[in-house]
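What follows draws every value from the coordinates through simple rules; no lab data is involved. Bear in mind the structure is a predicted one, so any value in this text is a computation, not a measurement. Cβ atoms come from the backbone with ideal geometry, glycine included; neighbour counts cover every protein chain shown.
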Amino acid sequence: MSSYSTKIDEKWQKKWDETELYKFDTDNVEQKLYCLEMFSYPSGSNLHAGHWYNYGLTDSWARFKKLKGHEVFQPMGFDAFGLPAENYAIKTGIHPKDSTMNNIDTMEKQLKAMGAMFDWDYSVVTCDPKYYRWTQWLFLKLYENDLAFRKNAQVNWCPQCNTVLANEQVIEGFCERCENEVTKKKLTQWFFKITKYAEELLEGHKDIDWPEKTKAMQKNWIGKSIGSEITFKIVDKDINFTAFTTRPDTLFGVTYAVLAPENPLVDEITTKEYREQMDSYIEETKKRSEIERQASNDEKTGVFTGSFAINPINGEKIPVWVADYVLYSYGTGAVMAVPGHDERDFQFATKYELPIKRVIESSDDDSLPFTGEGKLVNSDEFDGLSWQDGKKAIIDKLNQSKLGKNKVQYKLRDWLVSRQRYWGAPIPIIYCDDCGVVPVPEKDLPVELPYDVDFSPDGISPLKKHEDFINTHCPKCGKEAKRETDTLDTFVDSSWYFLRYPDNENTEKPFDKEWIDKMLPVDKYVGGPEHACMHLLYARFIFKALRDMGYVSSSEPFKSLIHQGIILGPDGNKMSKSKGNVISPDSYIEEYGSDVFRLYLMFGFAYTEGGPWDENGIKPIKRFVDRIERIILTYLQNSSDSDDKQMGKEEKELNYLRHNTIKSVDNDTDKFQFNTSIARMMELLNGLFKYMETDKSKNLKLVREILEDFVIILAPHAPHFAEEMWEKLGMEYSVFNQQFPKYDERALVMDTQELAVQINGKVRGKIEVESGSSNEEIEKTALSNDKISANLEGKTVRKVIVIKGRIVNIVAS
Ligand code: ANZ
Ligand code: ZN
């Protein structure tokens, strides 16, 4: 049994604290390495295995970088605004501020007990007015630069949470938070113009080292589509509409057009005859989510408007329909329907007996709809062109009459940031009857959240009922005016927190440009993949917007990103309170100490994959730790019987193992491949035992060197225990002030030869021996080889012939 326990954790945590070992040295900023973990939401429950996996292991990576000579900046803070605290307040009457601050207190203690290198002097708490003052500042800057605006729009509304949601927070039609079905509401809301950066957000991917899958998710979400807009005139009316299409080459195949039910034109062009039918259809479609409407197997429905439009390429009259498979939120909310070459249009045309025309030829497929590539047919002068050339030629022609042009379309929508909830940063806007929308002057920030609010859940935001908060004076004319009562989405708080960490005490500005240019970008960002299309996209957008306003100089906030996997319960399911399969680290840490727990998480899982919890894995790790201590004690007790010059075969082998281990740990830990790092260290430990257990006199100088190296490379992975072992070896505090050992290439060149081994004339395996080995040594190696001995089972070896440099021949019967 080793001496390692939570006592040792406490001893070293105290010492690290007292000696300010992890204090970021601002004078050494040239060497900075910014290691950032997605900050946590201060929920009431204890840190779970997942927190440990994310924060503990990333801390090991950061410690490794410290040993490699970097000035590591590893801050931690809290994403402290948000719905759960407010919902909790409604249920219990405990104010969100009180419960949140309480939780932060507990979590901070637990995070400290983890023994991570967090420099708490640089912490941020987003619900602190010292922080959200600058979140409000950010809003004002975006507003000044036309990147924050208000519009009346159809928005996602969660009836359970009583608030609007961003598109990103609606998961397949359901609220991301409470999992209730999301409905639609027409409301005036605040948006950030992320769409302005759509192209750059795509382009920037090439400059960042991120998982390809995450980039692909963002790319999909941004949804760039290269196509054209084509204008159709309504017959006998002075009305036009434009349709976005990716297939202008099929224009001759258009047999009808479709407007989305929400398109305001519907009202203008629906004739008396169809009015009643149309109104009831539109009512019907309101009940359906966009997801349902887009489903390919969904039965297509629609109503004729009674009006016709002119196909601009050939003057043909086509009927205009309304159907909910066309979305108002995409493109122009209108579609030119080509049932011959589009699946949805085909289904619709079949149902309503609309004509279906072939305009793209296929050499081997004459069924419709045909969605592949081919040459144009039934398209007058364009016949015979490839579809690519056809696209261009048709748009060129329409361009002359201004009825068609190229258009790039994105699926990305502007970011809806206002929330009708209390526990968020108030939007710093004032409404004046005379002056209209007036931003709060910067000097009046923060607009503080009042504490004394009424939480009764009546669908009205607590701020709306707070007279003192609402009533104010217009900053422009001084007349009585009213405050905006919506608060900002918490994703606004987290869209810039990494900029505040390095300059968190600044009272003049959100951050100092010169300083922040030195500290950013973040070198390594670690967090869950579920943030791909929300936080990670928002933060990139805000960073670019700040760059364009002159507040930062670079373009991408997170140079390199890695996602941790998920630790599942022993039943293989995601841990959740309701399933009762949550693994709490506390009892394990109590029993084994935090480093054993940390090492287990490292060794038991591939970091980016995670997997189900298996507590059987802990004991072997505990033994590993015990054995490390034992080898050190064995060495210390042996120090007399030594031949420090000796560098024979055993010493060379051990030295090879040492340098090979250093090389592997260096390489693997850098890539978050902790499991293989630990496996290599276990091998080195075995090698040390093997060497120490031989009877002959040993080179203890070499053993000591190796033990020192061993403790240093172990240190990032088991920080408290390594510190203790470092002390046991009589070394000066702290192991974290050491340099990660360099491996010696020369020690890695082993002079070996490969020999084939035959049994009765048949090659049965290969062995590796050192050049210069004696015949006896070669014979011994051959016979103890696993494959060979398996082959020899039940047989008696009659003779062994060694032909040096070539072959070993075994005769057996
Ligand atoms: C004619 C056509 C012919 C089309 C053809 C496709 C194939 P992406 O790639 O997603 O951008 N479309 C346009 N706006 C729409 C809306 N608001 N709701 C539903 N569908 C809409 O898709 C672009 C295509 O989706 C457009 O090209 C249009 O149909 C349809 F053989 O126009 B296409
Ligand atoms: Zn005014």
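Structure summary
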{"item": "Segment 557-681: translational diffusion in µm²/s, Stokes-Einstein, Kirkwood Rh over Cα pairs, 20 °C, 1.002 mPa s", "result": "123"}
{"item": "Per-selection Rg to Rh, segment 338-419 - Cα, Kirkwood hydrodynamic radius", "result": "1.11"}
{"item": "Ellipticity estimate at 222 nm from DSSP helix runs (n ≥ 4, -39,500 (n - 2.57)) divided over the chain, nearest 500", "result": "-11000 deg cm²/dmol"}
{"item": "Paired Rg and Dmax values of segment 672-813, which use every Cα atom, in angstrom", "result": "20.8, 63"}
{"item": "Cβ-derived FRET efficiency at R0 45 Å, SER560 paired with LYS762, nearest 0.05", "result": "0.30"}
{"item": "Positive dipole terminus of the chain, leading residue within LEU688, GLN738, ILE589 (C-beta point charges)", "result": "LEU688"}
{"item": "By average C-beta atoms within 10 angstrom, highest first, the peptides 548-561, 478-491", "result": "478-491, 548-561"}
{"item": "Fraction in percent of alpha-carbon pairs per bin - 5 Å, segment 453-538", "result": "2, 11, 13, 13, 13, 14, 15, 10, 7, 2, 0"}
{"item": "Over segment 471-518 - Rg/Rh using Cα atoms and the Kirkwood inverse-distance radius", "result": "1.18"}
{"item": "Filter on LYS32/LYS579; LYS375/LYS405; LYS151/LYS518; LYS97/LYS141; LYS272/LYS407 - keep pairs with C-alpha separation over 32 Å", "result": "LYS32/LYS579; LYS151/LYS518; LYS272/LYS407"}
{"item": "Semi-axis lengths, Å, segment 350-484, gyration tensor of Cα atoms, sqrt of 5 times eigenvalues", "result": "61, 21, 13"}
{"item": "Charge dipole (segment 224-410, unit charges on Cβ, about Cα centre) - positive-most of PHE241, VAL338, THR371", "result": "PHE241"}
{"item": "Space enclosed by the convex hull of the alpha-carbon atoms of segment 15-61, per residue, Å³", "result": "125"}
{"item": "Length released on extending from LEU21 to SER3, taking residue separation times 0.36 nm less the Cα-Cα span", "result": "4.1 nm"}
{"item": "Rounded tilt (10° steps) of 719-728 against the dominant C-alpha axis of the chain", "result": "20"}
{"item": "Hull volume in cubic angstrom per residue (convex hull over the Cα atoms of segment 241-335)", "result": "100"}
{"item": "SER401 versus LYS464: modelled label distance in nm, points set 7 Å from Cα along the beta carbon direction", "result": "5.1"}
{"item": "Cα-based convex hull volume of segment 520-600 per residue, rounded to whole Å³", "result": "142"}
{"item": "Ranked packing of 159-165, 41-47, most packed first, by mean Cβ within 10 Å", "result": "159-165, 41-47"}
{"item": "Part-to-part distance (alpha-carbon centres) for segment 716-761 and segment 88-149, which is given in Å", "result": "44"}
{"item": "Cβ charges +1 (Lys, Arg) and -1 (Asp, Glu), total dipole of segment 657-740, debye", "result": "340"}
{"item": "Rg and Dmax [Cα atoms of segment 1-144; Å; Rg one decimal, Dmax integer]", "result": "17.7, 66"}
{"item": "Dipole magnitude of the chain, debye to nearest 20 (Cβ charges: Lys/Arg +1, Asp/Glu -1, about Cα centre)", "result": "1240"}
{"item": "Only Lys, Arg (+1) and Asp, Glu (-1) charged, at Cβ; segment 103-238 dipole about Cα centre in debye", "result": "440"}
{"item": "GLN110/MET692 FRET efficiency (R0 41 Å; Cβ-Cβ; nearest 0.05)", "result": "0.55"}
{"item": "Tensor-based shape of segment 634-697 (alpha-carbon gyration tensor, a/c under 1.5 rounded, otherwise prolate or oblate)", "result": "prolate"}
{"item": "Rounded to whole Å, sorted largest first: equivalent-ellipsoid semi-axes of segment 751-812, Cα gyration tensor", "result": "18, 11, 10"}
{"item": "Percent of Cα pairs exceeding the 30 Å cut-off, where the set is segment 224-410", "result": "15"}
{"item": "Least to most buried among GLU615, GLU651 (fewest other Cβ within 10 Å first)", "result": "GLU615, GLU651"}
{"item": "Coarse-grained scattering of segment 113-265 at q = 0.20 Å⁻¹, given as base-10 log I(q)/I(0) from a Debye sum over alpha-carbon atoms", "result": "-1.37"}
{"item": "For the chain, alpha-carbon Rg over 2.2 N^0.38 Å", "result": "1.23"}
{"item": "Longest to shortest principal axis, alpha-carbon extents of segment 615-747, angstrom", "result": "39, 32, 31"}
{"item": "Distance from segment 679-708 to segment 483-556 (C-alpha centre basis), Å", "result": "49"}
